[in-house]
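Report on one structure; see the data block that follows.
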Amino acid sequence: MNNLLRIAIQKSGRLNEDSLKLIKECGVKFNNGTGKLKSTATNFPLEFLFLRDDDIPGYVADGVADIGIVGENVSVEKEKHVLITKRLGFSKCRLSLAIPKAKAYQGPGDFQGVSVATSYPKILSNYFKEKNIVADIHEISGSVEIAPSIGLADAICDIVSSGSTLLSNGLKEVEVIFNSEAVLIEYPDLAPAKQEILQQLLFRMKAVQAGKNNRYILLNAPNDNLDKIVAVLPGMKSPTILPLAMSGWSSVHSVVNEDAFWEVIEQLKNLGAQGILVVPIEKMIL
Ligand code: PRT
Ligand code: ZN
């Protein structure tokens with residue numbers, strides 16, 4: 001009916017800030033005054049719905065929202081029919097099994113016949129099924145980590161980030177059963193006009209992500225080693241090389257992936273590169 005793409009975002013909580021930051025970095029302007037349940041972007045055909053994260057997969061599966069940003073853990077647990085369009089790289093965490101610190105642990109087989117409290121009964125029962133373990137899963141909606149100390153269950157399965165919550169409740173993490181991060185999910189039957197808007201948004205998100213994962217690098221290279229220096233700096237196509245006023249030297253400009261960054265710097269130094277400058281990239285169109 002209208003040509004607005006509707007995105008469901010967590011109203012408040014761990015995902016809210018990074019989700020909105022990503023949309024802003026895509027150049028989309030909007031007003032998200034506190035308490036608002038709905039908002040419309042002023043310079044892009046995007047409408048926001050602010051919801052509890054648990055409701056987001058359902059809204060997207062029903063097509064009430066066209067897309068949404070949610071933890072992959074929630075998306076998988078809800079078992080709603082949605083597509084995972086893009087992994088977003090923030091809100092990284094893991095779903096893990098944990099037991100009281102003092103208990104010995106040999107392996108997943110130890111969970112045979114054991115009671116486990118969790119807010120993720122579906123992911124956990126799939127894990128146990130895969131391992132041919134029959135355990136007693138207690139679904140509880142919050143404060144899972146206190147279950148063993150109050151005698152509700154022998155073990156827990158919960159989201160872990162730094163591990164300090166487990167530690168302060170006298171528990172130890174023994175198995176990681178699922179690795180999660182924020183994902184963009186999509187209604188599987190999006191109308192072509194909405195799909196077109198989504199592709200524009202994805203194009204921008206990719207440019208933002210590529211920018212974050214790369215650095216612009218400038219350095220002075222002795223011409224004698226130029227070939228070797230160029231070989232360690234692949235760049236987007238190939239590096240730019242400009243002569244310096246001082247003979248025998250060139251200025252080399254390129255783009256380096258963050259993962260390889262320190263290794264590349266080390267090699268460049270060893271090849272005689274000097275005056276290395278590293279600059280963040282705001283957006284990168286490949
Ligand atoms: O109100 P609403 O229902 O929308 O939010 P919520 O309270 O259900 O979710 P919220 O905002 O807490 O988390 C949203 C999503 O963030 C989760 O679904 C995960 O995908 C992701 N995420 C990332 C986390 C954590 N890190 C995290 N540390 N979600 C929860 N935690 C909790 C965890 O449950 C445990 O209690 O933090 C504790 C563990 O943290 P550490 O650092 O002590 O290990
Ligand atoms: Zn929730």
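Any read-out appearing in this document is the output of simple, stated calculations on the displayed coordinates, not a laboratory observation. Predicted, not measured: the structure shown is a model, and the values here were computed from it. So basically every Cβ, Gly included, is an ideal-geometry build from the backbone, and we count neighbours across all protein chains shown.
The angle between the Cα long axis of helix 192-213 and the main principal axis of the chain comes to about 70°, on a 0 to 90 degree scale. Checked against a 28 Å cut-off, the cross-linked pairs Lys36/Lys86; Lys29/Lys122; Lys24/Lys86; Lys101/Lys131; Lys11/Lys80 give Cα-Cα distances beyond that limit for Lys29/Lys122. Considering only beta bridges that DSSP places wholly inside the stretch 93-180, some 65 percent are antiparallel.
Subtract the Cα-Cα distance of Thr165 and Leu83 from 0.36 nm times their separation in residues, and report this length gain in nm to one decimal.
Values: separation 82, 0.36 × 82 = 29.52 nm, distance 3.20 nm.
Full-extension gain reported as 26.3 nm.
Taking a Cβ cut-off of under 11 Å around Val174, the surrounding Lys, Arg, Asp and Glu residues balance to a net charge of 0, with basic ones at +1 and acidic ones at -1. The GluC sites (Glu not before Pro) found in the stretch 243-286 that occupy coil by DSSP, while having at most 13 further C-beta atoms within 10 Å, are Glu282. Estimated at 0.36 nm per residue, the fully extended path between Asp189 and Glu17 surpasses their Cα-Cα distance by 59.1 nm. Net length available on complete extension from Ser125 to Lys172 is 14.9 nm, with 0.36 nm assigned per residue and the Cα-Cα distance removed. Only Cα sites of the stretch 93-180 enter the Debye sum here, all with the same form factor; the resulting log10 I(q)/I(0) across q = 0.22 1/Å is -1.07, listed in q order.
Placing pseudo-labels 7 Å out from each Cα toward the beta carbon at Ser39 and Leu218 gives an inter-label distance of 3.6 nm. For the modelled label position 7 Å from the Cα of Lys101 along Cα-to-Cβ, which residues of the stretch 157-182 have backbone nitrogen atoms closer than 17 Å? From the stretch 157-182, the list is 162-174.
The Rg/Rh ratio of the stretch 213-280, with both radii computed over alpha carbons and Rh defined as the Kirkwood radius, is 0.93.
Beta bridges assigned by DSSP with both partners in the chain are antiparallel in approximately 75 percent of cases. Here, the chain is characterised by an Rg to Rh ratio of 1.10, where Rg is the alpha-carbon radius of gyration and Rh the Kirkwood radius. Ranking Tyr216, Val82, Ser180 by Cα position along the charge dipole of the chain, where only Lys, Arg, Asp and Glu carry charges on their C-beta atoms, puts Tyr216 farthest toward the positive end.
Build a GNM of the chain with springs between Cα atoms under 10 Å apart, and of Gly151, Gly235, Gly63 the one that fluctuates most is Gly151. Between Lys24 and Leu277, the modelled label-to-label distance comes to 2.8 nm, taking each label 7 Å out from Cα in the direction of the beta carbon.
The trypsin sites (Lys or Arg not before Pro) found in the stretch 178-286 that occupy coil by DSSP, while having at most 12 further C-beta atoms within 10 Å, are Lys237.
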